[in-house]
Amino acid sequence: MEANNTANKNCTAEDCEVLFFTIDGTIYGIEIKYVNEIIGIEQITVVPKIPEHIKGVINIRGKVVPVISVRKRFGIEEIPYDDRTCIIVLEFDSGEQVGIIVDRVREVIVVNHNEISRTPDAKNVNSNHYIKSIVNLESGIRLLLDCEKLVRDS
Amino acid sequence: MAKFEAGMEAMADMYVFETTTLLEQLDQILMKTESESSFGEEEINEIFRTMHTIKGSSAMMGLDNMSKLAHAVEDMFYIIREDHPEINSMETLYDLVFTASDLMKAEIELIQEDDYSPTDFSGQIARIEEFAAVLKNGEKAAAKQPEAAKPAAAAAKPSVSGTSVKVTFEENCKMENLRALLVINRIKEICSALEYTPSDIEDNSDTADIIIKNGFDIVFSPAQGQTDDSVINAIKDCPNVKNCEISGKGQGTPAAADGNSTAVRIYFEDDCKMENLRALLVVNRVREVCESVSYEPSDIEDNSDTAKYIIENGFILRFKSDKPDMVLRVIEDAPSVKEYEVISRPSDTKSENIPENNTAPAETPKAAAPVQKAAPAAPQPQTDGRPTPQPAGKAPSGGAKQSLISVNLNKLDTLLDLVGEIVITEAMVTSSPDLKGLRLDNFQKSARQLRKLNSELQDTVMSIRMVPLSGAFSKMTRIVRDMKVKLGKDVDLVFEGEETEVDKSVIDQLNDPLMHMVRNSMDHGIEDSAEDRINAGKPAKGKITLSAYNSSGEVIIVVADDGQGIDPSKVLAKAEKNGILTKPASEYSEKEILNMIMLPGFSTNEQVTEYSGRGVGMDVVRKNIEKIGGTVSVDSKKGQGTSFIIKIPLSLSIVDGMEVSVGESIFTIPINAIRESFKAKPEQLVKDTDGKEMVMIRGECFPLIRLYDIYDLKPNTEDLYEGIVILAEGDGKCACLFADELIGEQQVVVKPFSPLLNNYNVKQHGMAGCSILGDGSITIILDVNNIISDF
């Protein structure tokens with residue numbers, strides 16, 4: 001049962017659920033298997049001497065979780081947080097949790113595996129490998145982000 | 001954990017724990033005897049017992065290789081114990097036992113992994129057996145062949161009237177005559193008269209063939225306090241004995257008639273499986289506390305069919321002890337034992353046991369059952385005729401109850417976490433903003449009480465987790481011993497303050513660093529030859545001291561040697577060569593140079609040795625110690641020796657801290673690092689030629705570290721006289737930290753930074769971890785050591 005679940009959520013060959021959100025007007029998606037919860041913006045405690053895109057840490061029910069600004073990560077100018085700003089809390093296999101700050105969260109869509117295509121293998125395109133694959137939906141082309149790459153140092 | 005048969009997994013943990021403890025004890029005994037260079041009777045017995053227990057429990061777990069290896073060592077010590085042979089080569093003996101112990105330890109490690117496959121120990125077993133044979137033969141030569149005159153065919157009629165048995169040995173076990181001799185030696189003590197055919201087994205190796213063909217005949221009468229059965233069991237217990245059958249019954253003393261032994265019938269829990277091996281476990285435990293033990297059925301070790309017999313008839317155990325009650329308690333405490341009944345008691349204690357029997361109601365239904373009904377299963381008739389059922393369960397008197405329990409460390413971790421959460425929650429409740437401005441006398445009173453109890457709870461939980469360092473220290477004895485032999489250096493290892501306690505999680509992280517440091521001291525520290533030492537005016541024997549003591553919330557462990565010391569100029573040259581210098585060589589202080597040996601890829605020794613020299617050792621030491629929040633430093637005087645000083649926090653998880661604010665941020669400074677805090681006055685500020693600030697306190701000058709400055713924060717005030725100055729101590733130095741405001745003192749639970757942040761070396765920048773305050777906000781705990789040493 002569990003094995004079946006993971007297979008379903010794996011976005012390479014099977015259908016999977018994707019959570020879409022917007023950053024600076026562009027819609028990006030991440031696989032739902034990484035998403036632990038979505039919370040509103042909270043008070044972020046600054047941690048000195050770390051890269052700029054890591055905004056600091058937040059307290060999620062007693063757990064201290066670092067948060068990353070996706071705008072900063074993508075080199076886009078940051079805007080003041082509003083009531084649509086969200087923190088998507090990702091959880092990795094190791095149990096480590098990381099929050100990402102996005103402009104707004106859109107919807108969860110089940111993506112058929114034949115709607116997914118790979119990113120081109122070229123030096124100057126997607127050089128930081130943030131984009132894992134490209135999803136071709138009826139509503140338009142969407143970029144699926146690689147959570148690991150987004151969070152870890154490139 | 002390796003796959004064990006159903007019902008065994010639960011015991012596997014226990015087995016691992018027990019065997020590890022036993023092996024550690026074994027090492028200690030060996031080390032002790034080796035330093036005294038003689039084996040006392042007691043030590044030999046101790047080693048023998050240890051091996052016997054390991055053998056038994058390994059067999060029970062189905063680990064044949066372990067069991068066989070333990071068996072070989074046991075046999076060897078059996079020869080030593082019984083024959084007291086001249087041991088010419090003590091080194092070989094120690095080597096064999098140490099290697100065996102190491103192999104077993106390694107195996108225990110392996111067992112705990114999932115894909116376990118048994119290691120083949122046959123090589124080591126063969127070596128041990130070979131040595132045992134040498135021991136045996138040495139004894140033979142010493143015996144000067146007193147009975148050589150007897151003809152080989154002295155198959156004379158036995159003159160002893162007693163029980164005669166025929167013993168057969170395992171096929172191809174070789175040297176049957178010597179094995180037969182081993183049997184004789186083993187039962188000699190428990191028999192009043194003894195005769196055997198062929199009789200010249202000791203000197204005539206041809207008798208081996210005769211034994212193979214005809215078997216080995218023994219006629220014996222048991223000594224006082226022994227029974228036919230106990231003798232036969234002893235024979236069966238001998239190595240390589242395949243079978244022992246009674247060929248003629250003499251006037252042997254039946255078991256129950258024996259006034260001194262107690263017989264007990266044991267029943268195991270239903271469906272516990274492998275009753276025979278469980279019975280063996282009981283036997284092994286009982287053996288540890290009393291001398292002669294016999295049991296029925298006797299072939300439980302090899303014959304799994306006995307399990308069925310035990311289920312139906314129970315397992316009969318006879319033992320002789322001054323304190324039968326204690327033994328009964330051992331039986332009662334043994335795993336899977338459901339109930340037991342005493343079927344016969346020593347005659348002298350009977351009178352006092354009967355009244356006891358009357359007052360205490362029989363707890364076990366089986367105990368009340370007539371013994372005769374179940375007894376026919378046992379070959380010995382109950383000549384006693386007066387069964388005295390003994391209430392099982394609570395033993396009425398004598399002996400302190402075992403007051404130690406072993407607890408899974410995970411449970412303690414959870415407990416500590418919970419206590420941590422309680423501490424935070426308590427602060428949340430008592431400093432709740434809803435209460436601000438209210439006068440609540442009763443509430444405050446209860447809150448104070450709660451705080452007191454919480455801190456007691458916390459202290460207790462901490463103390464549960466505290467373990468003395470002696471365990472970690474004594475492991476070093478073994479390393480020093482091995483290296484002494486290999487390197488040919490004569491070194492004394494001295495312990496000081498080994499009773500100092502630290503948190504269990506700290507101890508686990510300490511073993512590797514300690515080992516590296518001791519190895520380093522042995523290899524690089526102590527001079528290569530005794531002459532070098534004498535020339536330097538030092539005693540020929542080197543000395544390594546492991547000492548530990550408490551100092552203001554920290555435990556300090558020092559590994560010191562009185563060897564050649566570290567040459568700073570060599571270190572500097574090497575560092576320059578390896579390109580790890582970050583500033584001109586002349587700017588390094590001696591202390592800085594010495595601490596370079598802990599940088600990755602550094603080793604002053606030209607040659608890589610088996611023990612050290614790859615330049616990873618000291619780096620690993622530093623990393624491991626830092627992982628547990630500690631620091632290492634080196635102190636060395638050329639020609640006089642080197643000391644490694646490890647400082648580790650007493651506890652890793654709860655810190656008494658002072659909260660200070662810098663702009664929006666709140667930092668926690670551990671109280672034990674704070675000397676004082678004060679508002680500075682203008683006359684205290686001193687500036688050097690570069691404009692770097694210092695603060696003068698009572699005639700002493702300390703550098704001023706502005707926290708907002710080193711952490712690039714926006715403070716509420718940059719004015720030194722408006723904010724607060726905290727004089728803090730770390731890394732052997734003092735400095736003044738400048739913050740906006742003092743918020744208060746609070747106990748905080750240290751939460752480590754997430755791996756994502758650790759990637760950016762936050763620890764190096766003086767941040768030890770974070771914690772959640774009563775109002776849910778996060779504070780960063782400062783590591784004063786790193787801040788000061790960085791500055």
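From (1) acidic (Asp, Glu); (2) touching a residue at least 40 places away in the same chain (Cβ under 8 Å); (3) more than 14 Å from every other protein chain (Cβ to nearest Cβ); (4) surrounded by fewer than 17 Cβ atoms within 10 Å (Cβ to Cβ), pick out the condition that doesn't hold for A:Glu31.
Unmet condition: (4).
Just one of the numbered conditions (1) within 20 Å of A:Arg71 (Cα to Cα); (2) within 14 Å of chain B (Cβ to nearest Cβ) is not true of A:Ser94; which one?
Tallying (1) within 20 Å of A:Arg71 (Cα to Cα); (2) within 14 Å of chain B (Cβ to nearest Cβ), A:Ser94 fails exactly one: (1).
Within the stretch A:34-43, take every residue that is within 14 Å of chain B (Cβ to nearest Cβ) and more than 30 Å from A:Asp15 (Cβ to Cβ) and give me the one that is surrounded by the fewest Cβ atoms within 10 Å (Cβ to Cβ).
Filtering first and then ranking leaves A:Gln43.
Let's see how each residue does on (1) in contact with a Cys (Cβ under 6 Å, 6 or more places away or on another chain); (2) on the phi > 0 side of the Ramachandran plot; (3) within 14 Å of chain A (Cβ to nearest Cβ):
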{"site": "B:Lys681", "(1), (2), (3)": "no, no, no"}
{"site": "B:Lys687", "(1), (2), (3)": "no, no, no"}
{"site": "B:Lys692", "(1), (2), (3)": "no, no, no"}
{"site": "B:Leu704", "(1), (2), (3)": "yes, no, no"}
{"site": "B:Ile710", "(1), (2), (3)": "no, no, yes"}
{"site": "B:Lys714", "(1), (2), (3)": "no, no, yes"}
{"site": "B:Val725", "(1), (2), (3)": "yes, no, no"}
{"site": "B:Phe738", "(1), (2), (3)": "no, no, no"}
{"site": "B:Pro755", "(1), (2), (3)": "no, no, yes"}
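Can we say B:Leu194 is of a type in the set (A, V, I, L, M, F, W, C) and either at pLDDT 75 or above or more than 23 Å from B:Pro85 (Cβ to Cβ) (or both)? Give the steps one after another, and end with the answer.
Values: of a type in the set (A, V, I, L, M, F, W, C): yes; either at pLDDT 75 or above or more than 23 Å from B:Pro85 (Cβ to Cβ) (or both): no.
Against the criterion (of a type in the set (A, V, I, L, M, F, W, C) and either at pLDDT 75 or above or more than 23 Å from B:Pro85 (Cβ to Cβ) (or both)), B:Leu194 does not qualify.
Return the pair list, or none, for Cβ contacts closer than 9 Å from residues in the stretch B:554-571 that are farther than 20 Å from B:Arg533 by Cβ to residues that are assigned to a strand (DSSP E or B) and of a type in the set (Phe, Trp, Tyr), at least 6 apart or on different chains.
From the stretch B:554-571, the pairs are B:Val555/B:Tyr549; B:Ile556/B:Tyr549; B:Ile557/B:Tyr549; B:Ile557/B:Phe644; B:Val558/B:Tyr549; B:Val558/B:Phe644.
Is there a residue being in a loop (DSSP other than H, G, I, E, B) and within 21 Å of B:Thr19 (Cβ to Cβ) anywhere in the stretch B:287-305? Give the derivation first.
Going through the stretch B:287-305, the residues in a loop (DSSP other than H, G, I, E, B) turn out to be B:290-292, B:297-305.
From what is left, the residues that are within 21 Å of B:Thr19 (Cβ to Cβ) are B:300-301.
Checking the stretch B:287-305: at least one residue is in a loop (DSSP other than H, G, I, E, B) and within 21 Å of B:Thr19 (Cβ to Cβ).
Can you say whether A:Val64 is within 14 Å of chain B (Cβ to nearest Cβ), surrounded by 19 or more Cβ atoms within 10 Å (Cβ to Cβ) and within 23 Å of B:Val748 (Cβ to Cβ), as far as the supplied structure shows?
Yes; evaluated as a whole, the condition is true for this residue.
Could you list, in sequence order, all residues of the stretch A:97-113 that are at pLDDT 85 or above and farther than 30 Å from A:Val65 by Cα?
Answer for the stretch A:97-113, where residues must be at pLDDT 85 or above and farther than 30 Å from A:Val65 by Cα: just A:Asn112.
Of the conditions (1) away from every other protein chain (no Cβ under 14 Å); (2) under 27 Å from B:Gly769 (Cα atoms), A:Arg84 clears all except one; give me its number.
(2)
Anything in the stretch B:74-122 that is assigned to a loop (DSSP other than H, G, I, E, B) and not polar (S, T, N, Q)? List them, or say none.
Once the filter is applied, which keeps residues that are assigned to a loop (DSSP other than H, G, I, E, B) and not polar (S, T, N, Q), the stretch B:74-122 yields B:His84, B:Pro85, B:Glu86, B:Ile87, B:Glu113, B:Asp114, B:Asp115, B:Tyr116, B:Pro118, B:Asp120, B:Phe121.
B:Glu729 fails exactly one of the following numbered conditions: (1) over 37 Å from the mean Cα position of the chain (by Cα); (2) more than 11 Å from chain A (Cβ to nearest Cβ). What is the number of that condition?
(1)
Regarding B:Ala126, is this residue surrounded by 11 or more Cβ atoms within 10 Å (Cβ to Cβ) and at pLDDT below 75?
no
From the list B:Asp114, B:Asp102, which residue is under 30 Å from B:Cys272 (Cα atoms), of a type in the set (Asp, Glu) and not assigned by TED's automatic domain parsing to the domain that holds B:Lys174?
B:Asp114
Which one is farthest from A:Asn36 (Cα to Cα), of the residues in the stretch A:67-80 that are within 14 Å of another protein chain (Cβ to nearest Cβ) and hydrophobic (A, V, I, L, M, F, W, C)?
So the residue we want is A:Ile68.
Of all residues in the stretch A:49-61 being out of contact with any Lys or Arg (no Cβ under 7 Å at 6 or more places or on another chain) and more than 9 Å from chain B (Cβ to nearest Cβ), which is surrounded by the fewest Cβ atoms within 10 Å (Cβ to Cβ)?
Taking the candidates together, the pick is A:Arg61.
Do we find that B:Ile235 is crowded, with 18+ Cβ neighbours inside 10 Å, over 42 Å from the mean Cα position of the chain (by Cα), assigned to a helix (DSSP H, G or I) and not small (Gly, Ala, Ser) in this structure?
When the stated conditions are applied, B:Ile235 does not pass them.
Check the stretch A:141-151 and report whether any residue there is more than 11 Å from chain B (Cβ to nearest Cβ), assigned to a helix (DSSP H, G or I) and surrounded by fewer than 18 Cβ atoms within 10 Å (Cβ to Cβ). Break it down into steps so the answer makes sense when it comes.
In the first step, residues of the stretch A:141-151 are kept if they are more than 11 Å from chain B (Cβ to nearest Cβ); the result is A:141-150.
So of that shortlist, the ones also assigned to a helix (DSSP H, G or I) come out as A:147-150.
Still in the list and also surrounded by fewer than 18 Cβ atoms within 10 Å (Cβ to Cβ): A:148-149.
Yes, there is a match, as at least one residue in the stretch A:141-151 is more than 11 Å from chain B (Cβ to nearest Cβ), assigned to a helix (DSSP H, G or I) and surrounded by fewer than 18 Cβ atoms within 10 Å (Cβ to Cβ).
If you go through the stretch B:763-778, how many residues are within 8 Å of chain A (Cβ to nearest Cβ) and surrounded by fewer than 22 Cβ atoms within 10 Å (Cβ to Cβ)?
Here the count works out to 3.
As an exercise: evaluate A:Val46 against (1) in contact with a Ser or Thr (Cβ under 8 Å, 6 or more places away or on another chain); (2) more than 10 Å from chain B (Cβ to nearest Cβ); (3) under 20 Å from A:Gly75 (Cα atoms) and give the number of the one condition it does not meet.
Looking at each condition in turn, A:Val46 falls short on (2).
The values are calculated or read from the model by the stated rules, or taken from the named source; none is laboratory data. No experiment lies behind these values; they were computed from the predicted model shown. For neighbour counting, all protein chains shown are included, and Cβ atoms are generated from backbone atoms with ideal geometry for every residue, glycine included.
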